[in-house]
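Only one structure is covered here, and it is reproduced in the block below.
Any read-out appearing in this document is the output of simple, stated calculations on the displayed coordinates, not a laboratory observation. Just so it is clear, the structure is predicted and the values come from calculations on it, not from any experiment. Because the Cβ atoms are built from the backbone with ideal geometry, glycine has one as well, and the counts that use them run over all protein chains shown.
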Amino acid sequence: MDVSKIPTREDLMDIIVMLSMRPAEVRSLQINHYEPNPSNIPAWYKDGYSWYCTGYLKSRGEKKKNSVPRPFLSMEKNPEHARELLIWIQNAIKARKLRDPVFTENETRNAWPFNEFLKQEPYRTIPKKLRDYGSKHASRIHGGKKPTPQHLKLLSKIAMRQESDRLDAGDNYAIGDTESEESDSEPETSDSSKPQIQASSLSQTIEMDSMLAEIDAMLAEIQK
């Protein structure tokens, strides 16, 4: 995308997908870099994440007060570039060179024009699915070589900026691809445990294949 030009509705849609945004977040979302003081690390700070989002809309059931920064994850691997693209869109909307996907120039809520745009070729989709496309694709980009279904699910939730305590407890350690490639030894297991292990592995493989197929189908739909 050429940020020296005026963005189009197609650019707007691409960035909504890229950042896993709700259309109503386009003007309010902010992406910032944080380097906390080691002696006073905020409770919301997560190890491994230095870029965070504010200005997001909370999901149904989440507390409406005390909004805190949440880890940023997107299809764009470079957070600085993602931030640049978001600001590009926001500045165009402020200058009234690009229409807000949800509100009119008079601040009246009217998402109909953007919704109708999405119904047309080549998209044929709805706003809600844009966020799903982005989060699932982001999970694949950041999932590593051998991600588990649980890890992909966790990354997808992070990309959508869902509240951390809503994540499944098991997701927090199901990172996947963690075994050393140099390890030659295998843990000893009794013969009685092998059927259960094999069944679990098969189940996980089927779940992974199903999830990847779903992501590929979503991406194929949006690229038609």
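Taking amide H positions as modeled 1.01 Å from N, with prolines and chain starts lacking one, the residues under 5 Å from PHE103 and 5 or more places away or on another chain are ASN110. Backbone phi angles across region 125-135, fed through the Karplus curve with coefficients 6.51, -1.76 and 1.60 (θ = phi - 60°), yield HN-Hα couplings of 9, 10, x, 4, 6, 4, 5, 5, 4, x, 5 Hz in residue order; Gly and Pro are listed as x. Applying the Karplus relation 6.51 cos²θ - 1.76 cosθ + 1.60 with θ = phi - 60° to region 95-103 yields 3J(HN,Hα) values of 7, 6, 9, 9, 7, 4, x, 10, 10 Hz, where x marks Gly and Pro.
Of LYS77, LYS153, how do they rank once you tally other Cβ atoms within 10 Å and put the fewest first? Please list the in-between numbers first.
Working: LYS77 11, LYS153 21.
Going from least to most buried by this count: LYS77, LYS153.
For TYR45, the shell of other residues with beta-carbons less than 11 Å away shows a net charge of 0, using +1 for Lys and Arg and -1 for Asp and Glu. Rounded to whole numbers, the Karplus 3J(HN,Hα) couplings from phi for region 43-59 are 5, 7, 6, 10, 4, x, 10, 10, 10, 9, 10, 10, x, 8, 8, 7, 6 Hz, using 6.51 cos²θ - 1.76 cosθ + 1.60 with θ = phi - 60°, and x at Gly and Pro. Sorting MET1, MET18 by the number of Cβ atoms found within 10 Å of their own Cβ, with the fewest placed first, yields MET1, MET18.
Just order 42-54, 79-91 by mean Cβ neighbour count inside 10 Å, highest at the front, would you?
Working: 42-54: 13.6, 79-91: 17.9.
Most protected by this proxy first, the peptides run 79-91, 42-54.
Does region 52-119 come out rounded, prolate or oblate by the C-alpha gyration tensor, with a ≥ b ≥ c the root eigenvalues, rounded set by a/c under 1.5 and, if not, prolate when a/b is larger than b/c and oblate if not? Oblate, since a/c reaches 1.5 and b/c is not below a/b.
The gain in end-to-end length when the ARG60 to HIS33 segment is fully stretched comes to 7.0 nm, 0.36 nm per residue minus the alpha carbon separation.
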